[in-house]
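Peer 1: Dumping the structure here so I can ask a few things about it.
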Amino acid sequence: MSIAAKANALWEYANPRKFLATSERVLPFFWIVSITCIVVGLVWGFFFTPDDYKQGSTVKIIYLHVPAALMAINCWLMMLATSLVWLVRRHHVSALAARAAAPIGIVMTLIALLTGAIWGQPMWGTWWAWDPRLTSFLILFLFYLGYVALWEAIEDPDTAADLTSVLCLVGSVFAILSRYAVNFWNQGLHQGASVMRAGAVTGADTEEKVSNIFFYPLLICIIGFVLLFIALVLYRTGTEIRARRIKALLARERVGG
Amino acid sequence: MIALLLRDLKLAFRAGGGFGLGLAFFLIVTVMIPFAVGPQSSLLSTIAPGVLWLGALLACLLSLDRLLALDWEDGSLDLLATAPLPLESVVTIKALAHWLTTGLPLVLAAPFFGVLLNLPVPGFFWLVISLLIGTPAMSVIGTFGAALTVGLKRGGLLLSLLVLPLYVPTLIFGAEVARRGATGMEVQTPLLMLAGITAATIALLPFASATVLRINLR
């Protein structure tokens, strides 16, 4: 009973007015906590943890790299969920949230790729290697670009929401397929990985190997990035809702005048 | 269904239908490659399987924006949507017609272009097989992309941006089959994966294409 009531309460936020009111109330909390977490995590990580005995100070880039990479993938998952909600229940806020999240995902993917390259240059001796994980992130970046471009290209907002939602669903299947294809491709290309490639440390690997000294500031950074992402999505969705209202008001004015 | 297929084929073969353009594009890409990377035959034979696959893929991509756009412009797409034939069948037939007029000629021409790029002898067979299995997937995926962008005025470039990431798995496994075949390695795994992708896209993607087309025709 109470769970059903709570589930119903969640759908109330499909009402743009209710969504705006609540998101404005909670936004300051998300901004403050996320920025505090990121500042604390980065300062702790940069200045109060020792250098790695092999990697030196370059190890500290994981405080940006890992959270950004995590959010890049989770952002796509969130877009997938909101696209499904839009297709099934036709809540405009849901479609606008997916639209609002996509550019954030692009930036997160770029941060992950760039910090990875900056770390890779001294560590692997190259800015870029066609390692499976790097390659799949590049493909994810292309998917984001196509998704945003489709949103921008279509004028009618409902058609755009429908088409991008279907693209998001189909794209997700192909993104997963590409992930496994790329894994296969690289093994097929480089059997008996060279030393450099064996050191091509993946995000999951670093997490497993990271010692506690590095882990706590990293955890704080991850929490900070998650909250920052939520804050940005709420903020940008609010902007999208207002932009649409302005458009409706202008249209009404034109008709009236 | 057969009438629709024949109609599409006729439209493609007659003047202005653009039949052969893809093939000509494939030829030009193949001719340009040695100018770009140098004429050493050992280098060419190493990159030949991948380059031929990429050339076929781009040639396929080139013809996609005509796939539905012409029917959209003259309104016949609206008629097809209201016809008793389900829209899923319509898009499947469209994809089949695209494959017969673009994919199949590319498959048949590929061995001749392979000669130009000094493809190793065992590679010819596997190149043709991999293209034969892979090009239907390209047509079906391309139909989805064409259905997505059909209502847009300048959808051509956007279509490429949307479709190319979807081509990644097909390209990886297809080119892998051709490359392994050319070097005499075992090809079974990528071949099965390629066939699996083609079968799955043919079975499932027409539903997505039809959904998208209905949204665009709304």
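The values are calculated or read from the model by the stated rules, or taken from the named source; none is laboratory data. No experiment lies behind these values; they were computed from the predicted model shown. Cβ sites come from the backbone with ideal geometry, for glycine too, and all protein chains shown count toward neighbours.
Peer 1: Within the stretch A:117-140, identify whether any single residue is surrounded by 22 or more Cβ atoms within 10 Å (Cβ to Cβ) and within 10 Å of chain B (Cβ to nearest Cβ), and answer yes or no.
Peer 2: Within the stretch A:117-140 (the criterion being surrounded by 22 or more Cβ atoms within 10 Å (Cβ to Cβ) and within 10 Å of chain B (Cβ to nearest Cβ)), the answer is yes, since at least one residue qualifies.
Peer 1: Any chance the stretch B:19-28 includes a residue that's over 23 Å from B:T183 (Cα atoms) and assigned to a loop (DSSP other than H, G, I, E, B)? If you could, list the steps in order and put the result at the bottom.
Peer 2: So in the stretch B:19-28, the residues over 23 Å from B:T183 (Cα atoms) come out as B:19-28.
Then drop every residue that is not assigned to a loop (DSSP other than H, G, I, E, B), which leaves B:19-20.
The answer is yes, given that some residue of the stretch B:19-28 is over 23 Å from B:T183 (Cα atoms) and assigned to a loop (DSSP other than H, G, I, E, B).
Peer 1: Also, I was wondering about something else. Determine, yes or no, whether A:T58 is within 23 Å of the chain's Cα centre (by Cα), surrounded by fewer than 20 Cβ atoms within 10 Å (Cβ to Cβ) and assigned to a helix (DSSP H, G or I). Before you say what the answer is, go through the steps one by one.
Peer 2: Working: within 23 Å of the chain's Cα centre (by Cα): no; surrounded by fewer than 20 Cβ atoms within 10 Å (Cβ to Cβ): yes; assigned to a helix (DSSP H, G or I): yes.
When the stated conditions are applied, A:T58 does not pass them.
Peer 1: Let me ask something else. Where residues in the stretch A:211-238 are among the β-branched types (V, I, T) and over 17 Å from A:M79 (Cα atoms), which of them is modelled with the lowest pLDDT?
Peer 2: Of everything passing the filter in the stretch A:211-238, A:I213 is modelled with the lowest pLDDT.
Peer 1: If a residue must be assigned to a helix (DSSP H, G or I), touching a residue at least 12 places away in the same chain (Cβ under 8 Å) and charged (D, E, K, R), how many such residues does the stretch A:114-157 contain?
Peer 2: Of the residues in that region, 1 qualify.
Peer 1: In this structure, does A:V43 turn out to be more than 21 Å from A:I176 (Cβ to Cβ), surrounded by fewer than 15 Cβ atoms within 10 Å (Cβ to Cβ) and of a type in the set (V, I, T)?
Peer 2: Yes; evaluated as a whole, the condition is true for this residue.
Peer 1: Just checking, how many residues over the stretch B:182-196 are farther than 10 Å from B:P122 by Cβ, away from chain A (no Cβ under 11 Å) and either touching a residue at least 40 places away in the same chain (Cβ under 8 Å) or part of a loop (DSSP other than H, G, I, E, B) (or both)?
Peer 2: Residues in the stretch B:182-196 being farther than 10 Å from B:P122 by Cβ, away from chain A (no Cβ under 11 Å) and either touching a residue at least 40 places away in the same chain (Cβ under 8 Å) or part of a loop (DSSP other than H, G, I, E, B) (or both): 2 in total.
Peer 1: Hey, another quick one. Out of (1) under 18 Å from the mean Cα position of the chain (by Cα); (2) at pLDDT 90 or above; (3) within 13 Å of chain B (Cβ to nearest Cβ), what's the single condition that is false for A:T159?
Peer 2: Evaluating A:T159 over (1) under 18 Å from the mean Cα position of the chain (by Cα); (2) at pLDDT 90 or above; (3) within 13 Å of chain B (Cβ to nearest Cβ) leaves (1) as the failure.
Peer 1: While we're looking at this one, here's another question. Of the residues in the stretch B:172-209, how many are buried (at least 21 other Cβ atoms within 10 Å of the Cβ), aliphatic (A, V, I, L, M) and either at positive phi or under 15 Å from the mean Cα position of the chain (by Cα) (or both)?
Peer 2: Of the residues in the stretch B:172-209, 5 are buried (at least 21 other Cβ atoms within 10 Å of the Cβ), aliphatic (A, V, I, L, M) and either at positive phi or under 15 Å from the mean Cα position of the chain (by Cα) (or both).
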